[in-house]
Amino acid sequence: MSILYPAFLWLIIPLALLFWTREKKVVETGHLIILMLLVIAMSRPAIKQGIEESQIEAKEFIIALDISHSMKAKDLKPNRYLFAKETAKAFLSMNPTDNIMLIAFTSNPLLLSPPTTDHQLISIALESLNPEYILTKGTSLKKLFQKVASMQSKQKNLILITDGGEEENIEELSSIIQNANISLTVLGLGSRQGSTIENTDGSFLKDKEKHLVISRINPLLEILASETEGTYLTASSTPESTAKSLYSTLDLDTQRGELITKKQHRYSELYQIPLLFALLLFLMLHTRAVKFLLLAFTLLGLSAEASSFDNYYLDKAYQSYESKEYNTTKVYLDNLGNPSLQSRFALANTYYKQGAYKEALKSYLSIRSTSPLIKQKLYYNIANCYAKQKVYEKAKIYYTKALQLGEDKDAETNLALIALLADKKSAELGIAHPKSQSSDSSKGEQQEGEEEETRNEDEPSSGSGDGGEKSNTKEQEKGKLTLDPKQEKHPLSSKVYELINKGYIHEKQPW
């Protein structure tokens, strides 16, 4: 069980003190108990049931943060890098729904966070980055633009936060940007007067001739933005005001986003139970029809209790499924009083994982839904069961039905393989079995020489009635990681720094 708003539970402490020092009167005692029950209800106790997918409209942005040595210059307070980092965090807080990618770059670009609407994850990645471990000190806008150009994103809205480094070949940079359809917004950091660069030992950076290095904002940035029909702006007095300027410059309210799939936890709320007891106790203290109310609430309470137990058993079933304890999963599912679409999917997937394809097939065929999304999942999983039993003609029929309800690359791949197996009338030609939609996440776990198993798309699927949603077990495992920004930050691994430190000994101007 989870508490969605645990901060409310602090209110229990003063109520407990009042309860301890109260006068021994029934009404006063009852009122304190009612208040405690209301506090528990406000804290929103809930049982986590899985992950649901929803389609949201979001714009995609790539934030490229310069972490070269010149970003240590202090013409912005406390220095350019910290100013840039706080600006990025302020921009994230203003922009909670969009899909944002974070790249840090010096002479090499480094992906810190893939595109995500979980901006808390991006903030943690920012805090985890330690510039002291980065050996490359220069700035290569060319490699950064080449990295962005190679990405498969439909929208390449690049927010470049940099002082510009020593780049000079504007024609080459403009060509890369225009050929890749990159929409460029440049936030130039630094001043035209420039600033010295402080080393970790407190001394100032000098070049080979022992002259002090003065880092200035590169005027090429403004020219580059103009040449590529982009936008150029400079830092304001604070990171917050700079982020506001950036936000308004991007004109977020008028840009059209694209539909993306967002996964989030789905909970079964339990706040009704303490709220019900609080209401019952209040009516018992202040009404005369206590007997009738008691009977009515008892009947309601039995229904609520049954529902709560079903949620408990279903949650336990998911936990045991994730632990690959499939027999235990079936025991919990058998304890459900009212099987739902969610539990039937879970039972069918459990049979499938145990290799009981006939039982899994019967379970899938027993599920009814008018939702096209649910029906597509059912057809896909039914086809997988037939494929495992080498009934290729029926597998072809159900893969085709799944594709008729929507695009599905894995179903297309499976259909092609099944058609080939059916034509050859042999399953021993050394051809891989059809892959599932979750096969990408499991390829690394396959042993060399083994056949790839057909796996279900839903592991286990979730839903209720015709409106059930997909819930992938692999995704559920990831969803259980809680990211608290107040936690001790986790440093990036040395492998990550190796990517950005590559070639540092060849840098001619290490700033």
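Kindly list, by first and then second residue, each pair from a residue in region 375-395 that is free of Cβ contacts under 8 Å to residues at least 12 places away in the same chain to a residue that is open to solvent by less than 60 Å² (accessible area, probe 1.4 Å), limited to pairs with Cβ atoms under 6 Å and residues at least 6 apart or on different chains.
Lys394/Tyr386
Looking at Ser191, is it open to solvent by 40 Å² or more (accessible area, probe 1.4 Å) and within 24 Å of Tyr247 (Cβ to Cβ)?
Spelling it out, it is not the case that Ser191 is open to solvent by 40 Å² or more (accessible area, probe 1.4 Å) and within 24 Å of Tyr247 (Cβ to Cβ).
Search region 180-190 for residues being in a strand (DSSP E or B) and β-branched (Val, Ile, Thr), and hand back the single one that is nearest to His69 (Cα to Cα).
Out of the qualifying residues, it is Val186.
Which of the residues that make up region 311-352 are of a type in the set (D, E, K, R) and either in contact (Cβ under 8 Å) with a residue 60 or more places away in the chain or closer than 21 Å to Lys375 by Cβ (or both)?
Asp315, Glu322, Arg344
Residue by residue through region 106-156, note down the ones that are open to solvent by less than 50 Å² (accessible area, probe 1.4 Å), of a type in the set (A, V, I, L, M, F, W, C) and under 27 Å from Ala73 (Cα atoms).
Those that are open to solvent by less than 50 Å² (accessible area, probe 1.4 Å), of a type in the set (A, V, I, L, M, F, W, C) and under 27 Å from Ala73 (Cα atoms): Leu110, Leu112, Ile122, Ile124, Ala125, Leu126, Leu129, Ile134, Leu141, Leu144, Phe145, Val148.
Output the number of residues of region 202-232 satisfying the condition of being buried (at least 17 other Cβ atoms within 10 Å of the Cβ) and in contact (Cβ under 8 Å) with a residue 40 or more places away in the chain.
Residues flagged as buried (at least 17 other Cβ atoms within 10 Å of the Cβ) and in contact (Cβ under 8 Å) with a residue 40 or more places away in the chain within region 202-232 amount to 14.
Take region 126-142 and flag every residue that is aliphatic (A, V, I, L, M) and modelled with pLDDT under 85.
Leu129, Ile134, Leu135 - these are the residues of region 126-142 that are aliphatic (A, V, I, L, M) and modelled with pLDDT under 85.
Tally up the residues in region 161-181 that are modelled with pLDDT under 85, over 13 Å from Leu224 (Cα atoms) and among the small types (Gly, Ala, Ser), please.
Within region 161-181, residues that are modelled with pLDDT under 85, over 13 Å from Leu224 (Cα atoms) and among the small types (Gly, Ala, Ser) number 1.
With (1) in contact with a strand residue (DSSP E or B) (Cβ under 6 Å, 6 or more places away or on another chain); (2) free of Cβ contacts under 8 Å to residues at least 24 places away in the same chain as the list, and Asp66 as the residue in question, which single condition is left unmet?
Only one criterion is unmet by Asp66, namely (2).
State whether the residues of region 222-235 include one that is within 18 Å of Tyr81 (Cβ to Cβ), at pLDDT 90 or above and touching a helix residue (DSSP H, G or I) at 6+ places or on another chain (Cβ under 9 Å).
Looking for residues that are within 18 Å of Tyr81 (Cβ to Cβ), at pLDDT 90 or above and touching a helix residue (DSSP H, G or I) at 6+ places or on another chain (Cβ under 9 Å), one finds at least one in region 222-235, hence yes.
Would you confirm, using the coordinates I've provided, whether Lys137 is closer than 25 Å to Glu222 by Cα, touching a residue at least 12 places away in the same chain (Cβ under 8 Å) and in a helix (DSSP H, G or I)?
Criteria not met by Lys137.
Checking the condition closer than 21 Å to Tyr357 by Cβ, surrounded by 21 or more Cβ atoms within 10 Å (Cβ to Cβ) and touching a Lys or Arg at 6+ places or on another chain (Cβ under 9 Å), which residue from Asn414, Asn381 passes?
On inspection, the qualifying residue turns out to be Asn414.
Consider region 191-246. How many of its residues are farther than 28 Å from Asn130 by Cβ and part of a helix (DSSP H, G or I)?
Residues that pass the stated criteria total 9.
Assess whether Ser363 counts as being free of Cβ contacts under 8 Å to residues at least 60 places away in the same chain and buried (at least 16 other Cβ atoms within 10 Å of the Cβ).
Criteria met by Ser363.
Output the number of the condition that Leu126 fails; it satisfies all remaining conditions of (1) over 34 Å from the mean Cα position of the chain (by Cα); (2) part of a helix (DSSP H, G or I).
Condition (1) is where Leu126 drops out.
Taking Leu158 as meeting all but one of (1) modelled with pLDDT of 90 or more; (2) closer than 19 Å to Leu246 by Cβ; (3) in a helix (DSSP H, G or I); (4) in contact with a helix residue (DSSP H, G or I) (Cβ under 6 Å, 6 or more places away or on another chain), write down the number of the exception.
(3)
The values are calculated or read from the model by the stated rules, or taken from the named source; none is laboratory data. No experiment lies behind these values; they were computed from the predicted model shown. All Cβ positions, glycine included, derive from the backbone under ideal geometry; neighbour counts span all protein chains shown. All accessible areas refer to the heavy atoms of the entire protein, side chains included, with ligands and DNA or RNA removed. Shrake-Rupley method; radii C 1.70, N 1.55, O 1.52, S 1.80 Å.
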